[in-house]
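Visitor: Take a look at the following structure, please.
What follows is calculated from the coordinates using simple rules that are stated; it is not laboratory data. Since the model is a prediction, treat every value here as computed from it, not as a measurement. As a convention, Cβ positions derive from the backbone with ideal geometry for all residues, glycine included, and neighbour counts pool all protein chains shown.
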Amino acid sequence: MPVNNSNSLLKGLAARDPRAIGKAISIVENNGQGVTEILAGLDRKCIEEVLVLGITGPPGAGKSTLTSSMISQLRSDGKRVGIIAIDPSSPISGGAILGDRVRMMEHALDTDVVVRSMATRGRLGGLCASAGATVRIMAASGCEVIIIETVGVGQSEMDIVRLADITLMVLAPGFGDDIQAMKAGLLEVADFLVVNKSDLGGAEALVMDMKQIFATKEKESDIARVLQSIASENTGIKELLDAVQRFTTYLTINNLKKQRRKKAMEGETLDWVFEMLRPTLTRKLVEQTGQEQIDPRVRAKELIQQMLPINYHR
Amino acid sequence: MSIPYRVLIGKPGLDGHDRGAKFIARALRDEGFEVIYTGIRRTAAEIAATAIQEDVDVVGLSSLSGAHLRLFPEVIKELKDRGGADIPVLGGGVIPDEDKEQLLAAGLRAIFTPGTPAATIIQSFSDACKQQ
Amino acid sequence: MNNNSKFNDWQENELAASLNRFPERKEEFKLHGDAEVQRLAMPKVIDEQYEKSLGFPGKYPFTRGVQPTMYRGRFWTMRQYAGFSSAAESNKRYRYLLEQGTTGLSVAFDLPTQIGYDSDDAMSLGEVGKVGVAIDTLADMEALFADIPLADISTSMTINSPAIVLLAMYIVVAEKQGVPAEKLRGTIQNDVLKEYVARGTYIFPPRPSLGIITDIFQWCSSNMPLFNTISISGYHIREAGSTAAQEVAFTLANGITYVQTALDAGLEIDHFAKRLAFFFNASSNLLEEVAKFRAARRLWARIMKNRFEAQHPASMMMRFHTQTAGNTLAAQQIDNNIVRVTLQALAAVLGGTQSLHTNSRDEALSLPTEASVRTALRTQQIIAHESGVAETVDPFAGSYYMEQLTDDIELAAEELIAKIDDSGGVVSCIENGFIKSQIEQAAYDYQKDIESGERVIVGVNAFQIEGEEKPELLRVNPEVEEAQVAHLQSVRAQRDQEEVNRSLSALKQAAESGDNLMNPIMDAVRAYGSLGEICTVLRSVFGEYRD
């Protein structure tokens with residue numbers, strides 16, 4: 001039985017031991033003993049240097065297959081890769097089927113492909129609460145590129161844009177309704193648009209349509225942002241990763257990667273602040289009696305003022 | 001809410017009949033488990049490596065082709081080779097009684113045969129997870 | 001034309017022609033006593049509606065069966081699927097079955113063979129000879145059919161992704177027996193599409209797989225006119241948990257895809273369509289199953305006529321094999337399975353099957369023993385000779401419930417097929433997971449009903465007994481794997497390696513340039529190139545499918 005103390009886990013991470021990586025992620029995910037020590041002890045330089053790619057898009061567009069062929073390409077470029085594949089938890093039972101793993105099994109015996117399947121556990125927005133920490137653990141274990149595959153329910157998955165350095169939206173011909181819904185959402189903030197299954201009818205029209213939407217972005221960085229792939233045949237993957245690489249350079253040179261990271265860290269910190277306050281606030285709320293007549297917003301303000309000596313303006 | 005158990009459901013060998021494995025995966029999901037399904041036609045090594053990487057509490061195996069005597073113990077061995085000797089392994093399939101004894105002796109935690117109620121199977125998963 | 005004249009017309013044409021070619025089994029069919037069994041019961045009034053939806057047996061839309069006299073002429077083929085361990089063992093079982101009165105062979109291959117791996121491949125570990133016979137090279141195929149005259153029997157082979165290789169081996173074995181290909185009768189399953197959604201023995205991606213199937217259609221249409229080149233199978237879709245209507249829909253949608261692919265490759269519809277065969281499941285709901293078979297037959301006839309504009313009636317005629325539902329067999333109180341199988345077999349016969357496999361009582365526990373297989377065969381023989389259902393044609397026709405159910409299943413299947421068409425066809429629906437998820441949902445709901453007791457399975461979730469006696473089971477000799485590997489290696493040592501290399505590289509060239517693969521594969525087989533070696537070449541050109 002391996003000892004699960006944080007020091008030995010941190011050593012295991014640095015040594016790229018699969019069991020240690022898996023255990024460390026579980027501890028973080030379950031808020032287990034040693035979570036603070038583990039996260040505080042991670043190698044910051046690795047974290048700074050890692051490239052985090054987010055992949056989102058409607059179910060059936062081929063996210064998992066695209067991810068798998070990106071892994072193959074990155075591996076042939078000699079990169080150690082981490083993958084976080086997120087699936088929804090059942091709101092009723094709390095359970096989940098983490099099915100993305102099936103499409104990545106061809107990499108199962110490659111120890112430089114670190115996969116973690118995760119359930120949303122009640123969180124909305126397309127990620128799970130521990131996605132950020134998992135990225136950092138994988139980075140500390142030597143992963144150079146980390147791919148996060150979101151749940152893929154559509155336009156509400158804004159969290160990935162914040163967490164990832166670069167966000168790729170995957171579409172395929174025949175997703176007309178989904179695309180309409182995403183025009184005023186994720187589509188605006190994604191860095192790349194990948195038209196997968198580009199051998200199917202309707203691909204050309206979709207590319208044209210997307211090129212218009214991405215025209216401004218293409219101009220500003222002078223990098224093609226709408227790309228085509230047939231992930232099941234590994235077609236277009238090298239070109240896609242080349243474009244991502246050029247864009248990474250563009251972000252780094254213009255100090256944009258740092259800015260994006262800063263925003264991501266601040267955002268995640270705030271999330272955790274709220275998350276950590278939640279139990280206390282919930283308890284206080286339950287303890288209050290006779291306040292059902294007060295408007296919830298007014299009541300919230302009073303609750304915070306009781307706890308924190310802040311001047312709450314509105 | 002309590003922390004969900006994580007389990008892996010795998011089909012070692014070449015048998016493509018996954019109706020039972022998928023039913024159990026969904027039934028476990030409905031009981032609050034997080035289930036990693038690795039699909040059909042996997043080697044014992046692939047299943048073991050995945051179980052370690054995903055840090056699952058329990059591995060459940062299914063085989064209907066009669067290859068269980070070779071393949072189930074092989075998964076246990078591969079787990080051990082990767083430092084996962086502590087991960088309990090359960091198995092199910094068309095398994096004659098005398099094979100059942102052999103498999104239990106080889107380290108399988110429990111064996112399920114056709115007609116075992118889902119509730120019994122889920123309970124076994126739950127018990128095995130609890131011990132982790 | 002008035003009513004009688006329609007019926008007379010059929011009697012004078014279809015029936016007379018059929019009786020002329022195949023006289024009925026008996027001069028007269030009688031009940032106990034003197035009363036005669038009516039060959040074909042008809043409604044008093046033959047209106048347009050009747051003609052459109054039922055018609056006459058042996059005539060479009062074939063709802064009432066594909067032959068005018070059905071089993072009064074000849075019983076269905078009693079074909080027991082068998083094969084395990086080594087070729088020599090299986091050969092013994094086949095000869096036993098032929099002695100016992102089985103009328104067609106049905107070869108079960110082990111999983112490595114079905115997925116194109118040699119017995120010594122790392123992927124084959126533990127699986128060699130388990131669910132069927134292991135075939136690595138022509139030498140195994142020679143042993144499998146030793147002393148079985150291939151000119152006189154029909155052989156069905158459950159083989160899909162590498163069907164072209166096993167077919168080539170069969171042809172070469174026949175060649176060595178002095179039997180030319182044009183005399184061979186039988187069926188290869190060769191239905192790859194259902195493997196992606198239900199059975200799992202795929203090798204190559206769907207598109208190149210369809211190419212290989214078309215090569216087989218093409219080669220056989222000019223060289224092997226009596227052989228069924230495909231058995232489009234709903235059996236496994238149903239085993240995976242689909243409903244009856246889904247079984248019909250997904251099977252026929254696959255059929256449509258094969259036909260379209262062959263047409264796209266330039267084949268003529270009436271050249272190959274009559275060699276298409278089907279394979280269905282007979283599950284436990286007797287009336288629903290009978291309706292399903294009737295609905296499937298009518299729907300296929302309509303599809304062939306209206307969608308593909310086939311001209312020849314034989315192209316519209318759905319002929320099918322049936323197997324009783326393996327998933328309904330219980331591991332508890334296994335003798336009950338004999339009763340289940342009887343009801344299922346009865347459904348298949350009432351539904352007009354052309355051949356039938358009845359499962360054995362012990363198959364929820366292991367491969368069947370010889371005694372169990374005999375009982376399963378006897379079940380068919382009792383239905384054939386004693387039950388009387390084989391003496392009249394389509395006896396359920398005209399039952400309000402049966403006709404309603406037939407219509408309902410046909411409509412539900414048609415709607416599902418339309419949905420698949422709208423989403424870009426079967427291959428797209430395999431890739432986007434639609435078909436699989438439909439089957440999975442149905443399977444889940446069904447099992448949930450069993451778990452809750454809503455659906456009673458006798459001896460399993462009701463009427464259980466304690467302390468059952470354990471039946472005697474068949475065990476596959478665990479040394480089979482080693483013996484088979486040793487045998488393969490000795491064949492490799494004895495063959496002309498240069499000839500093998502030459503034929504394999506010729507095969508590679510043919511695959512790369514899109515030529516018909518049948519002849520190059522026959523060359524490789526003759527040189528004792530192994531199944532695994534041949535499939536490795538094809539994998540290198542076509543790639544591998546992963547779920």
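Visitor: Please state, as a whole number in µm²/s, the translational diffusion coefficient that the Stokes-Einstein equation yields for chain B at 10 °C and 1.306 mPa s, with Rh defined as the Kirkwood radius across alpha carbon pairs. Write out the running numbers ahead of the final one.
Guide: Values: Rh = 14.3 Å.
Here the translational diffusion coefficient equals 111 µm²/s.
Visitor: I've got another one for you. Express the relative contact order of segment C:83-208 as a whole percentage, based on alpha carbon pairs under 8 Å and six or more residues apart in sequence. Let's see the in-between values first.
Guide: Working: 201 pairs, mean separation 33.3, N = 126.
Reported relative contact order: 26 percent.
Visitor: Please state the equivalent ellipsoid semi-axes for segment B:19-61: what are the square roots of 5 times the Cα gyration tensor eigenvalues, largest first, in whole Å? Provide the component values of the computation, followed by the final result.
Guide: Working: eigenvalues 66, 36, 8 Å².
Equivalent ellipsoid semi-axes, largest first: 18, 13, 6 Å.
Visitor: Quote the convex hull volume per residue of segment A:263-307, based on C-alpha atoms, as a whole number of Å³. Mind showing how you got there, number by number?
Guide: Details: hull volume 3.5 nm³, N = 45.
Spread over its residues, the Cα hull of segment A:263-307 gives 78 Å³ apiece.
Visitor: Residue C:436: which lysines have alpha carbons under 30 Å from its alpha carbon, excluding same-chain residues fewer than 8 sequence positions away?
Guide: Straight-distance partners of residue C:436: A:63, A:197, B:11, B:22, C:130, C:194, C:274, C:292, C:305, C:419, C:448.
Visitor: Dipole size in debye (nearest 20) for segment C:3-52 around its Cα centre, Lys and Arg Cβ +1, Asp and Glu Cβ -1? Can you show the working numbers first?
Guide: Values: 8 positive and 11 negative charges, 34 e Å.
Using Cβ point charges on Lys, Arg, Asp and Glu, segment C:3-52 gives about 160 debye.
Visitor: For residue C:539 and residue C:455, what does the FRET efficiency come to when R0 = 60 Å and r is the distance between their Cβ atoms, rounded to the nearest 0.05? Working shown, then result.
Guide: On the way: r = 43 Å, r/R0 = 0.71.
E between residue C:539 and residue C:455, to the nearest 0.05, is 0.90.
Visitor: Given the Cα atoms of segment C:1-153, and with Rh set as the inverse mean 1/r over their pairs in the Kirkwood sense, what is Rg to Rh to two decimals? Provide the component values of the computation, followed by the final result.
Guide: Details: Rg = 23.4 Å, Rh = 19.4 Å.
Using only Cα positions, Rg/Rh for segment C:1-153 is 1.20.
Visitor: Now for a different question. What is the order of C:445, B:15, C:147, fewest Cβ neighbours within 10 Å to most? Don't skip to the end; give the middle numbers.
Guide: On the way: C:445 11, B:15 27, C:147 8.
The fewest-first ordering by Cβ neighbours comes to C:147, C:445, B:15.
Visitor: Where nothing but the Cβ of Lys and Arg (+1) and of Asp and Glu (-1) is charged, how large is the charge dipole of the protein assembly as shown around its Cα centre, in debye to the nearest 20? Don't jump to the answer; show the numbers that get you there.
Guide: Details: 104 positive and 129 negative charges, 336 e Å.
Approximately 1620 debye in magnitude.
Visitor: log10 I(q)/I(0), Debye, Cα-only the protein assembly as shown, no solvent, q = 0.08 Å⁻¹?
Guide: Evaluating at q = 0.08 Å⁻¹ gives log10 I(q)/I(0) of -0.85.
Visitor: Give me the percent relative contact order of chain A, please, defined on Cα pairs under 8 angstrom at least 6 residues apart. Intermediate results must be reported in sequence, preceding the final value.
Guide: Values: 472 pairs, mean separation 54.1, N = 314.
Once normalised by length, the contact order is 17 percent.
Visitor: Next question, about the same structure. Straight-line reach from residue A:23: which aspartates and glutamates have a Cα under 15 Å away, not including same-chain ones fewer than 8 places off?
Guide: Counting by Cα, and skipping residues close in sequence, residue A:23 has these aspartates and glutamates nearby: A:37, B:54, B:55, B:57, B:86.
Visitor: Still on this model: What percentage of all Cα-Cα pairs in chain A are separated by more than 35 Å? Walk me through the intermediate numbers first.
Guide: Values: 12563 of 49141 pairs.
In whole percent, the long-distance tail amounts to 26.
Visitor: For segment C:447-536, what is the per residue volume of the convex hull drawn over the alpha-carbon atoms, in cubic angstrom? Display every interim value, and only then the final one.
Guide: Numbers: hull volume 18.5 nm³, N = 90.
In segment C:447-536, the Cα convex hull volume per residue is 206 Å³.
Visitor: Sticking with this structure for a sec: In terms of modelled amide H atoms, which long-range or inter-chain residues lie less than 5 Å from the amide H of residue A:194?
Guide: Residues meeting the criterion, in which the H sits 1.01 Å from N, are A:169, A:170, A:171, A:227.
Visitor: Taking a ≥ b ≥ c as the square roots of the eigenvalues of the Cα gyration tensor of segment C:361-442, is the shape rounded (a/c under 1.5), prolate (a/b larger than b/c) or oblate?
Guide: Numbers: a/c = 3.66, a/b = 1.42, b/c = 2.58.
It comes out oblate by the Cα gyration axes.
Visitor: In Å and from the alpha-carbon atoms only, list the Rg and Dmax of segment B:68-109.
Guide: In Å, with Rg to one decimal and Dmax whole: 10.1, 30.
Visitor: Quick check on segment C:238-359: what does the Kirkwood estimate of hydrodynamic radius come out to from the alpha carbon pairs, in Å?
Guide: Values: mean 1/r = 0.0659 Å⁻¹.
Computed over segment C:238-359, the radius equals 15.2 Å.
Visitor: I've got another one for you. Run lengths n ≥ 4 of DSSP H only: what is the helix-derived mean residue ellipticity at 222 nm for chain B, with -39500 (n - 2.57) per run over all residues, to the nearest 500?
Guide: Working: 5 runs with 58 residues, N = 132.
Mean residue ellipticity at 222 nm (helix-derived): -13500 deg cm²/dmol.
Visitor: So what are the three principal axis dimensions of segment C:65-141 from its Cα atoms, in whole Å, longest to shortest?
Guide: That works out to 52, 26, 21 Å along the principal axes.
Visitor: While we're on this one: Using the number of other C-beta atoms within 10 angstrom as an exposure proxy, rank C:528, C:258 with the fewest first. Walk me through the numbers before you get to the answer.
Guide: Working: C:528 20, C:258 24.
Result, fewest neighbours first: C:528, C:258.
Visitor: May I pose another question? Rounded to the nearest 20 debye, what is the charge dipole size of segment C:33-163 about its Cα centre when +1 sits on each Lys and Arg Cβ and -1 on each Asp and Glu Cβ? Mind showing how you got there, number by number?
Guide: On the way: 12 positive and 17 negative charges, 175 e Å.
Dipole about the Cα centre, nearest 20: 840 debye.
Visitor: State, as an integer percentage, the relative contact order of chain C based on alpha-carbon contacts under 8 Å between residues 6 or more apart. Show your work: numbers first, answer last.
Guide: Numbers: 958 pairs, mean separation 101.5, N = 547.
It rounds to 19 percent for chain C.
Visitor: Still on this structure: What does the convex hull of the alpha-carbon atoms of segment A:1-43 project to on average, in nm²?
Guide: 2.7
Visitor: If you don't mind, there's one more thing I want to ask. How many nm separate the modelled label positions at residue A:180 and residue A:124, each set 7 Å beyond the Cα in the direction of the Cβ?
Guide: The modelled label-to-label distance comes out at 2.3 nm.
Visitor: Say the dipole of the protein assembly as shown comes from +1 at the beta carbon of Lys and Arg and -1 at that of Asp and Glu; which of A:111, C:364, A:39 then lies farthest toward its positive end?
Guide: A:39
Visitor: Give the long-range amide H neighbours of residue A:115: residues separated by 5 or more places, or on another chain, with amide H under 5 Å away, using H modelled in the peptide plane at 1.01 Å from N.
Guide: Those qualifying (amide H under 5 Å, at least 5 residues apart or on another chain) are A:83.
Visitor: A follow-up question, please. Cut-off under 18 Å on the C-alpha distance; same-chain residues fewer than 8 positions from residue C:52 excluded. Which aspartates and glutamates are left, in chain and number order?
Guide: C:9, C:14, C:309, C:394, C:403, C:407, C:408, C:410, C:414
Visitor: Measure of size requested: the Rg and Dmax of segment C:106-164, with Cα atoms as the atom set and Å as the unit; please supply both.
Guide: Rg and Dmax of segment C:106-164, Cα atoms, are 11.9, 38 Å.
Visitor: Which net charge results when you count Lys and Arg as +1 and Asp and Glu as -1 among the other residues whose beta-carbon is under 14 Å from that of residue C:395?
Guide: Numbers: positive: C:39, C:64, C:72, C:294; negative: C:391, C:394, C:403.
With Lys, Arg at +1 and Asp, Glu at -1, the net is +1.
Visitor: Nearest 5 is fine: what % of DSSP beta bridges in chain C come out antiparallel, could you say?
Guide: Given both bridge residues lie in chain C, the antiparallel proportion sits at roughly 5 percent.
Visitor: Using the Kirkwood radius over C-alpha pairs as Rh, can you work out the diffusion coefficient of segment A:195-262 via Stokes-Einstein at 25 °C, viscosity 0.890 mPa s, in µm² per second?
Guide: Numbers: Rh = 13.2 Å.
Rounded to a whole number, D works out at 186 µm²/s.
Visitor: Right, another one. Could you work out the Kirkwood radius for chain C, taking every pair of different alpha carbons, averaging 1/r and inverting it, reported in Å? It would help to have the intermediate numbers written out before the result.
Guide: Values: mean 1/r = 0.0413 Å⁻¹.
The answer is 24.2 Å.
Visitor: What is the spin-label model distance, in nm, from residue C:407 to residue A:45 if the labels are put 7 Å beyond Cα along the C-beta direction?
Guide: 7.9
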